[in-house]
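Enquirer: Quick one: the structure is below, questions incoming.
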Amino acid sequence: MRDILIQLAYLLAAFLFLIALRALGKPDTARRGMQLAAFGMAVGVVATLLNARIVSFEWILVGSLIGAVAGYPLGKWVPMTAMPQRIALSHALGALAATLVGIGEYYNGLSAGHLGRGHVMALGFEVLLGGLTVTGSLMAFGKLQEILPGRPLTFRGQNAFNLTILAIGVASLAWLVVDPTNVVAAGVMLAVSLAVAVLLVLPIGGADMPVVVSLLNSYAGLAAVATGFAIDNNILIIVGALDGLSGFILLVAMSKAMNRSFANVLFGAFGSAAVAGDGGSPGAGGEMAPISAEDAALRMAYADKVVVVPGYGLAVPQAQHQVRELADLIEKRGGEVRFAIHPVAGRMPGHMNVLLAEAGVPYDKLVDMEDINEKFAETDVVLVVGANDVVNPAAKTNPSSPIYGMPILKVAEARSVIALKRGRGAGFSGVENDLFVDPKTSMLFGDAKQSLITLGLEIKIA
Ligand code: NAP
C-alpha cells in the first residue's frame, strides 16, 4: 500500500514538472511554472521520505538543514547578473550528490558481494557523468566569477589530447562492466571523469560559460537518470530525463541564436585574444557623435514610437527599474514604448525578460526579435541600453566578422538611435560596431543607470 502511494505521488510530481515546464516557456506564466515545479519537487521529496528503506532520518535532517541554510541566501541575495555562476554551483552540488550516491551504491554492492553488470553499468554512467559535471560546473563557476582566467586556455593538440582522456574514461567504464569488482577500473573512471571536464572547459572562453552550463545541465540530468536506474527510483528517471532534455534544447537554442555551431562553442576557443577586444578597444572606423542628456530626452519626449533595446549593459548596473520609469514617462506624454528582446541579449537565456519582468514591465510590451524587426522602419527613436553585439550590423554585412550570420535587431532601420554606454568598449564578441558611428546614432556616454535617471529628470521638464 505504501509503495502504491509513493508511486502515485511520483506520478503526480512528474505531471506537475511537465506542466511547469510548459508554463516556463512564456514570461507571463513563468512564475506559476516555478511554483508548480517547486510544488512537484516537494511532492517528490515527501514521497521519497515515506520509503521503507530509509533506516534513519537524522542525517537526512542534517543535510536538509545545511541545504536550506546555504540555499536561502543563494536564492535571495545573488544578483541577476551572477545567475549563470549560481546555476553552475547548483549543478556542481547536484552532480556531487549523484556521484556520491553512485560510489556508495558501488561499495555497498561490492561488500555485499552482488554487483550485476547492468547495475554496474548504471552506476558507472552515474559516476562518469556526475564527476564530469562536478568539476566542469566548478570550472564554469570559476570562469564566470572571474576567480579563474576567463580567456580560453589552449595548447597544441589539445582537442586530440582531451578526446583521448575521455576515451580512457569510457574504456574504463567498459572494463568495469566486464569485471564489476575491479576497483582499479572504478578508480581510473572516477579520476578521468573529474579531470576531463577541467580539460574540456579550459579552452572555452568565460563568456561562453552559459552554453557550457546548459550542456552540464544535460549531463546532470543524465546522471540523475542513471541514479534512478541504479537505485530503482522512477521519479529520478523521469526528472533526470526532463532535465537532460531541457538543458539540451536550451543549448541548441542558444547556439542557434548566436549562429554558432555546437562544436564551435566547445572547441572553437571563441573569445581568444585574436578575436576578443580588451573591453576598451576603439570602435569601428569613424567618429561617434555624442549627445547631451537634455537633447536625448527632448527627442524621446516628442517621439510617437520608441523602442528600447536592452542588453548586457542594462544588467550590469541593474538599471531595469530606471528604464521602466523612463518608459512610463514617455507613455504619459503620449508616446508608445516597446522593448525589443533578442534571444541572447545579456549573458543567459531570458536574461532581459527576467530583468524587465522584475521591474514590472508589462509582458505585452516585450516584443521578440522576429516581430519587432518589421517595426524598426516606422520607429522614431531606438534607445539602445548597453546592447552591442545584438545590434551590430556587421553580423549581416561583414562575412569576416566572428558574429557574421548571427540574427540581429535591425536597429539601423529606425529614424534615429540613441545609444547608452560607458565608453568605446566592445561587446562580448570583442568586435567593433558600425552602428555607433552611423550618422543616425547619437551616443549618451555614462553608466546606463545614471544616464536613465538623468534622462527621466530631463523628460519631466521637457
Ligand atoms: P554585449 O555585446 O556584451 O555588449 C554590452 C555592452 O554594454 C558593452 O559594449 C559595454 O560597453 C556596455 N556596458 C557594460 N556595462 C555598462 C554599464 N554599466 N552602463 C552602460 N553600458 C554598459 O551585450 P549584448 O548586446 O546584450 O550581447 C550579448 C552577447 O553575449 C552576445 O554576443 C551573445 O552571443 C553573448 N552570449 C549571450 C548568452 C545568453 O544566453 N544571453 C550566452 C553566452 C553569450 P562599454 O564598456 O562601453 O560600456
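Enquirer: Quick one: His342, His91, His119, fewest Cβ neighbours within 10 Å first, how do they rank? List each step's numbers first, then the result.
Expert: Details: His342 23, His91 26, His119 19.
Going from sparsest to densest Cβ surroundings: His119, His342, His91.
Enquirer: Let me have the relative contact order for the chain, percent, based on Cα pairs under 8 Å that are six or more residues apart.
Expert: Relative contact order here is 14 percent.
Enquirer: Oh, and also: How big is the stretch 293-461 by the Kirkwood estimate over distinct Cα pairs, in Å? Write out the running numbers ahead of the final one.
Expert: On the way: mean 1/r = 0.0643 Å⁻¹.
Its Kirkwood hydrodynamic radius stands at 15.6 Å.
Enquirer: To test your reading of the geometry: what angle, between 0 and 90 degrees and rounded to tens, separates the Cα axis of helix 58-77 from the longest principal axis of the chain?
Expert: So the helix axis and the longest Cα principal axis differ by about 10 degrees.
Enquirer: What angle do you read, to the nearest 10 degrees and between 0 and 90, between the alpha-carbon axis of helix 209-231 and the longest principal axis of the chain?
Expert: Long axis of 209-231 versus the principal axis of the chain: about 20 degrees.
Enquirer: For the pair Leu12/Ala42, report the inter-label distance in nm, with labels modelled 7 Å from Cα in the Cβ direction.
Expert: 1.2 nm
Enquirer: How do Phe248, Phe155 line up, fewest other C-beta atoms within 10 Å first?
Expert: Phe155, Phe248
Enquirer: Let me check against my output: what whole-number percent is the relative contact order of the stretch 293-461, with C-alpha pairs under 8 Å and at least 6 apart?
Expert: Relative contact order, the stretch 293-461: 29 percent.
Enquirer: Next question, about the same structure. Mind pulling the angle between the C-alpha long axis of helix 158-178 and the longest principal axis of the chain? Nearest 10 degrees, somewhere in 0 to 90.
Expert: So the inclination is approximately 30 degrees.
Enquirer: Given the C-alpha centroids of the stretch 152-221 and the stretch 319-346, what is the distance between them in whole angstrom?
Expert: Taking the Cα centre of the stretch 319-346 as reference, the centre of the stretch 152-221 is 44 Å away.
Enquirer: Any idea what the dipole of the chain comes to, in debye rounded to 20, about its Cα centre with Lys/Arg Cβ at +1 and Asp/Glu Cβ at -1?
Expert: Dipole about the Cα centre, nearest 20: 280 debye.
Enquirer: Can you check what the net charge comes to around Leu21, using other residues whose Cβ is under 13 Å from the Cβ of Leu21 (Lys, Arg +1; Asp, Glu -1)?
Expert: Here the charged neighbours net out to +2.
Enquirer: What is the diffusion coefficient of the stretch 1-77 in µm²/s, taking the Kirkwood radius over Cα pairs and the Stokes-Einstein relation at 20 °C with a viscosity of 1.002 mPa s? If you can, show how the numbers build up before the last one.
Expert: On the way: Rh = 14.1 Å.
The diffusion coefficient I find is 152 µm²/s.
Enquirer: Let me ask something else. Please report Ile291, Ile408, Ile168 as a ranked list, fewest other C-beta atoms within 10 angstrom at the top and most at the bottom.
Expert: Starting with the residue having the fewest Cβ neighbours, the order is Ile168, Ile291, Ile408.
Enquirer: Here is a further query. For the chain, the longest stretch holding no GluC sites (Glu not before Pro) located in a DSSP loop with at most 16 other Cβ atoms within 10 Å is which?
Expert: 1-145
Enquirer: If you don't mind, there's one more thing I want to ask. From the square roots a ≥ b ≥ c of the eigenvalues of the alpha-carbon gyration tensor of the stretch 91-267, which class results: rounded (a/c under 1.5), prolate (a/b over b/c), or oblate?
Expert: On the way: a/c = 2.21, a/b = 1.56, b/c = 1.42.
It is prolate, given that a/c is not under 1.5 and a/b is the larger ratio.
Enquirer: Okay, moving on. Taking the inverse of the average 1/r across all pairs of different Cα atoms in the chain, what Kirkwood radius in Å do you get? If you can, show how the numbers build up before the last one.
Expert: Working: mean 1/r = 0.0412 Å⁻¹.
That comes to 24.3 Å for the chain.
Every number in this text was worked out from the coordinates using simple rules, so none of it is lab data. What you are looking at is a predicted structure, and each value in this text was computed from that prediction instead of being measured. Positions of Cβ are generated from backbone atoms using ideal geometry, with glycine treated the same way; all protein chains shown enter the neighbour counts.
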